[in-house]
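The values are calculated or read from the model by the stated rules, or taken from the named source; none is laboratory data. Quantities reported herein were computed from a predicted structural model and do not represent experimental measurements. Quick reminder, even Gly has a Cβ in these numbers, built from the backbone with ideal geometry, and neighbours come from all protein chains shown. What goes into the accessible areas is simple: the full protein's heavy atoms, side chains included, and nothing from ligands, DNA or RNA. Shrake-Rupley method; radii C 1.70, N 1.55, O 1.52, S 1.80 Å.
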Amino acid sequence: MELPFLTISEASRLIESKEISPVELTGSILERIGAVDQKLNSYITVLADKALESAKAAEKEISSGSYRGPLHGIPLGLKDIFVMKGAPSTCGSKMLENFFSPYDATVTGKLLDAGAVIVGKNNMDEFAMGSSTETSYYGRTNNPWDTGRVPGGSSGGSAAAAAASLCLGSVGTDTGGSIRQPASFCGVVGMKPTYGRVSRFGMIAFASSLDQAGPLTKTVRDTAIILNAISGHDVKDSTCVNIPAPDYTISLRDDIKGMKIGVPGEYFIEGMDGEVEEAARKAIALLEDLGGEVIEISLPHTEYAVLTYYIIAPSEASSNLARYDGVRYGFRAEEAGSLREMYLKTRAEGFGSEVKRRIMLGTYALSAGYYDAYYVKAQKVRTLIRRDFDEAFKKVDVIAAPTTPEVAFKFGDKTDDPVKMYLSDVLTIPCNIAGLPGISVPCGFSSDGLPIGIQVLGKAFEEGSVLHAAHAYERHAKWYEKRPGI
């Protein structure tokens, strides 16, 4: 039995029955990170000593009969956007190099309370701004299926680490597709819960009305296990909704008989990779074979989603990132002759080019004379996109569509053309704008051996339906059995 290749549910059964120990399992993951991650760079920080200490504590508790549940003693990664007491929290930026938080994010605290062992902080695009994990100050992350290609972004480190078995799962964030797109590119499961389902407290902000935390794992069941741990109301986040979170593992049934599955024509766009479209249509056909009723639907304002997103998200980012001025947080430029010069030099030297581009976009959209023309209009279009989903969900239970229009692209293919890069998220962004839950599961491979994903979207706070459909598909398609050879 090779321990790093276990799923969370497999490992938790073995830990509970004391057939393996958390120390043994954590040690095997740390050993694999040491042997493999130099090829991937999926971690910014590996917390080896802290992880082994946590694993020993878990082992002692379990031996004494105090088993906390399925994450007790399980080694997980954590996107470096979540602060963790006593550990570096960089958000992939020079601006936060050497920043140590004095407290835990709510997600971090809930994972630790569940007994999880955090083995390290995963690499990411700087301040979660990117679709390829090429903008990280700490170097790019490589795709474990082909190290010459991107892992997706911004949670590329989390997806690559989960796919390469450098953790048993990770938690990332999804603002415009940053969990589902890298999950699709790396051949793992990635879920964005409903906005408000998981607390954003201690999650370094990019676009506050869009950001949401969620799991990246090898299977849908593992995603449900992590979602159980991190969901729920939090008084420290005013946008975290006080609706009871059910046990999501109960939703995982193989039968989807009678489930109505909407297929939006707008998600099969011109220029889509033929192999991606073929794999997605085969997946939808399998859902129909499993008892689902497939219904053609329309989401007519989909074409405006990317434009809307790139007004709202940069506007919120320009506001959120104003706090990084060299006084209160992280990096401060040297040799400044005045306070104003220190501000200017700190922000010029501390932020990377993509972050600066989005700050400028957002500042322009919010400036006097343009606010109504851009930001207010974008919010009106956001309402139209949300209403499209409301109408669709009067007819169907879930929506199925390709996660991305293409497979993982090569490094450098889109770095010189920001618009081309932004269009990578054309199929994931509408779900964020509407605040809905969505999951990406593997649905095949290209002729080059690269993973392809299909996403299932659901009604607000009905993550159970999304997990149900995804689990039924996964159990019959069995793409989760295929792993990268790295």
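Worth pointing out:
- Selection count, the range 316-341, where residues are surrounded by fewer than 18 Cβ atoms within 10 Å (Cβ to Cβ), aliphatic (A, V, I, L, M) and closer than 22 Å to Leu366 by Cβ: 1
- Just one of the listed residues (Ser54, Ser66) is among the small types (Gly, Ala, Ser), more than 24 Å from Val188 (Cα to Cα) and part of a helix (DSSP H, G or I), and it is Ser54.
- Which listed residue is under 19 Å from Tyr304 (Cβ atoms), hydrophobic (A, V, I, L, M, F, W, C) and either touching a residue at least 60 places away in the same chain (Cβ under 8 Å) or assigned to a helix (DSSP H, G or I) (or both), from Val441, Val419: Val419
- Scanning the range 432-444 for residues being open to solvent by 10 Å² or more (accessible area, probe 1.4 Å) and over 20 Å from Glu275 (Cα atoms) gives a total of 3.
- Residue check, Ala313 part of a strand (DSSP E or B), within 25 Å of Phe268 (Cα to Cα) and under 28 Å from the mean Cα position of the chain (by Cα): no
- Residue count for the range 367-395, restricted to those that are surrounded by fewer than 16 Cβ atoms within 10 Å (Cβ to Cβ) and hydroxyl-bearing (Ser, Thr, Tyr): 4
- For Leu76, the requirement of being within 30 Å of Arg140 (Cβ to Cβ) and surrounded by 24 or more Cβ atoms within 10 Å (Cβ to Cβ) is met.
- Hits in the range 1-29 (condition: open to solvent by 30 Å² or more (accessible area, probe 1.4 Å) and part of a helix (DSSP H, G or I)): Phe5, Glu10, Arg13, Glu16, Val23, Glu24
- Any chance Tyr138 is open to solvent by 10 Å² or more (accessible area, probe 1.4 Å), touching a Gly at 6+ places or on another chain (Cβ under 8 Å), in a loop (DSSP other than H, G, I, E, B) and within 25 Å of Asp237 (Cα to Cα): no
- Here the condition is being out of contact with any Cys (no Cβ under 8 Å at 6 or more places or on another chain), open to solvent by 20 Å² or more (accessible area, probe 1.4 Å) and within 21 Å of Pro144 (Cα to Cα); of Ser465, Ser447, it holds for Ser447 alone.
- Residue check, Ser170 among the hydroxyl-bearing types (Ser, Thr, Tyr), closer than 19 Å to Leu47 by Cβ, touching a strand residue (DSSP E or B) at 6+ places or on another chain (Cβ under 7 Å) and buried (at least 24 other Cβ atoms within 10 Å of the Cβ): yes
- Screening Leu307, Leu344 for residues that are assigned to a helix (DSSP H, G or I) and closer than 16 Å to Gly176 by Cβ leaves exactly one candidate, Leu307.
- Among the conditions (1) in contact with a Phe, Trp or Tyr (Cβ under 7 Å, 6 or more places away or on another chain); (2) farther than 22 Å from Gly258 by Cα; (3) in contact (Cβ under 8 Å) with a residue 60 or more places away in the chain; (4) among the hydrophobic types (A, V, I, L, M, F, W, C), Ala378 misses just one, which is (1).
- In summary, Lys414 fulfils each of the numbered conditions (1) at pLDDT below 95; (2) of a type in the set (D, E, K, R); (3) open to solvent by 40 Å² or more (accessible area, probe 1.4 Å) with the single exception of condition (3).
- Scanning the range 417-431 for residues that are surrounded by fewer than 20 Cβ atoms within 10 Å (Cβ to Cβ) and of a type in the set (Ser, Thr, Tyr) yields a single hit, Tyr422.
- The range 225-244, subset among the hydroxyl-bearing types (Ser, Thr, Tyr) and assigned to a loop (DSSP other than H, G, I, E, B), residue least open to solvent (accessible area, probe 1.4 Å): Thr239
- Test result for Ala183, more than 26 Å from Ala305 (Cβ to Cβ), touching a residue at least 40 places away in the same chain (Cβ under 8 Å) and crowded, with 24+ Cβ neighbours inside 10 Å: no
- Residues being surrounded by fewer than 24 Cβ atoms within 10 Å (Cβ to Cβ) and either among the hydroxyl-bearing types (Ser, Thr, Tyr) or in a loop (DSSP other than H, G, I, E, B) (or both) are represented in the range 152-166 by at least one member.
- Condition met for Val46 (in contact with a Gly (Cβ under 6 Å, 6 or more places away or on another chain), under 30 Å from Thr346 (Cα atoms), in contact (Cβ under 8 Å) with a residue 24 or more places away in the chain and open to solvent by 50 Å² or more (accessible area, probe 1.4 Å)): yes
- Scoring Glu303 on the criteria (1) touching a helix residue (DSSP H, G or I) at 6+ places or on another chain (Cβ under 8 Å); (2) on the phi > 0 side of the Ramachandran plot leaves a single failure, condition (2).
- Residues of the range 186-212 that are of a type in the set (A, V, I, L, M, F, W, C) and open to solvent by 10 Å² or more (accessible area, probe 1.4 Å): Phe201, Met203, Ile204, Ala205.
- Selection status of Leu450, touching a helix residue (DSSP H, G or I) at 6+ places or on another chain (Cβ under 7 Å) and farther than 11 Å from Ala283 by Cα: no
- In the range 345-357, the residues that are open to solvent by less than 20 Å² (accessible area, probe 1.4 Å) form Cβ pairs under 8 Å with partners that are in a helix (DSSP H, G or I) and of a type in the set (Val, Ile, Thr), at six or more places apart or across chains, as follows: Phe351/Ile359.
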